[in-house]
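Where a number appears in this text, it was derived from the coordinates with a stated rule and is not lab data. Because the structure is predicted, anything quoted here is derived from the model rather than measured. Reconstructed Cβ throughout: ideal geometry from the backbone, glycine too, with neighbour counts over all protein chains shown.
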Amino acid sequence: MKAIRIHEPGDIRVLRYEEVDIPEPGVGEVRVRLRAAGVNHRDIWVRQGNFGPMAEPVIPGSDGAGEVDAIGAGVRRWSVGQKVVINPGLACGTCSACLSGDHPACQSFSIYNGTYAEYAVVPEENVVSMPGGLTFAEAASIGVPYVTAEDFLMRSRALPGQTLLLWGATGGLGVATLQLAKLRGMRVIAVTRNAARSEKLRQYGADEVAVIGGEKTVVETVSALTGGQGADIVVDSVGQASFPQSLDAVRRGGVIVTVGSTTGGQVSFELGQLFRSRITLLGAFMGSGSILPRILPLFSRGVLVPVIDSTYPLEQADQAHEQMENHGVFGKIILTM
Ligand SMILES: [Zn+2]
């Protein structure tokens, strides 16, 4: 089969389009003939080696959709030909965290790598039936961003009428957070550095748009829109460049969700700013395995809308990464195979 493999960390040139053996499903595993893979910012971190050294070549990619093509011994839930979506959180399934449904708290939790390929083998628990009315590309755009956003909105006890400040609103995670927050009846202030994307953010539900480099700072905009109180929840995937402003933009007793660090992860702040204002700092990394099967039907019913920026054939994964790193996106980039 064809696959993109990374042999050593680096820039987009380390994404090699290669011929590799088709993997065989073991006990309790299914093989999926992938038709589309979603590109996540996480794939760039994998490519850069941020998850540690590579003992062997890595096929990146966590999100994917396709058809079950072979099943291993003991698999009862799936049969060949069924259309499925990869549910990319891998956990032991037997510890107390897993039994309570909080899979990312499992000691052995990790996120699947391997969807930049024509075939992927995953445990049978890690595929979900693909609902009708969705294309493979649309189905592959949902996993990581929507599961992550739904998980942190639940954990931060988001309520209707609350104000959510959303950094990086046009990215895959941003658009997912925007839609899920609106579904909860929240008021969303979306932040973008690109004023030309403001109208589109409003189309997808943003109540207000704060443009970085605009007349007012983001903190001033939030203050003006909340009567000086600040946002109830701040969602920050930008990190170094935004975090000090997140601290200034959140209200007393509010929540800052840290869910990525696209501009770097080193921040320093006065702890008193956190405890005196009774701010909760909430780290988010994927979510429970039960979320994807629950939210997928919302897409086929049109309650949520997949937002695809652009589509590349698998062999142009390097161009997809180049776009994500240097030119930005509105929603998701998809690879097809
Ligand atoms: Zn576990």
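Worth pointing out:
- About its Cα centre, the dipole of the chain is roughly 1100 debye, where the only charges are +1 on Lys and Arg Cβ and -1 on Asp and Glu Cβ.
- By other beta-carbon atoms within 10 Å, ranking Trp45, Trp167 with the fewest at the front produces Trp45, Trp167.
- Converting phi to 3J(HN,Hα) with the Karplus coefficients 6.51, -1.76 and 1.60 and the offset θ = phi - 60°, segment 24-38 yields 9, x, x, 4, x, 10, 10, 9, 10, 7, 6, 10, 7, 10, x Hz in sequence order, with x at every glycine or proline.
- Mean-position separation - Cα centroids, segment 137-212 and segment 301-337, in angstrom: 17
- Computed FRET value (nearest 0.05) for Leu271 with Asn194, which takes r as the C-beta separation and R₀ as 51 Å: 0.90
- Pairs of Cα atoms farther than 21 Å apart, segment 263-337, %: 60
- Sorted fewest first by neighbouring Cβ atoms within 10 angstrom, Asp318, Asp21 come out as Asp21, Asp318.
- Cα gyration tensor, segment 72-123 - rounded (a/c under 1.5), prolate or oblate: oblate
- Electrostatic tally near Asp248: other residues with Cβ closer than 14 Å to its Cβ, Lys and Arg +1, Asp and Glu -1, net +1.
- Inter-site label distance for Gln229 and Gln107 at 7 Å from Cα along Cβ, in nm: 4.3
- Gain on full stretching of the segment that runs from Val303 to His327 - 0.36 nm per residue minus C-alpha separation: 5.7 nm
- Global geometry of segment 31-116, whether rounded, prolate or oblate, following the gyration tensor of its Cα atoms and the 1.5 cut on a/c: oblate
- Prolate/oblate/rounded call for segment 146-283, Cα gyration tensor, a/c under 1.5 rounded: rounded
- In the calculated pair-distance distribution of the chain, the portion above 35 angstrom amounts to 21 percent of the Cα-Cα pairs.
- Cα→Cβ-extended label distance, 7 Å offset, between Gln319 and Asp11, nm: 1.9
- Estimated 222 nm signal from helices in the chain, with DSSP H stretches of n ≥ 4 weighted -39500 (n - 2.57), rounded to 500: -7000 deg cm²/dmol
- If you take all other residues with their beta carbon under 10 Å from the beta carbon of Val39, and give Lys and Arg +1 and Asp and Glu -1, the sum is -1.
- The separation of segment 53-109 from segment 232-282, counted between C-alpha centres, amounts to 32 Å.
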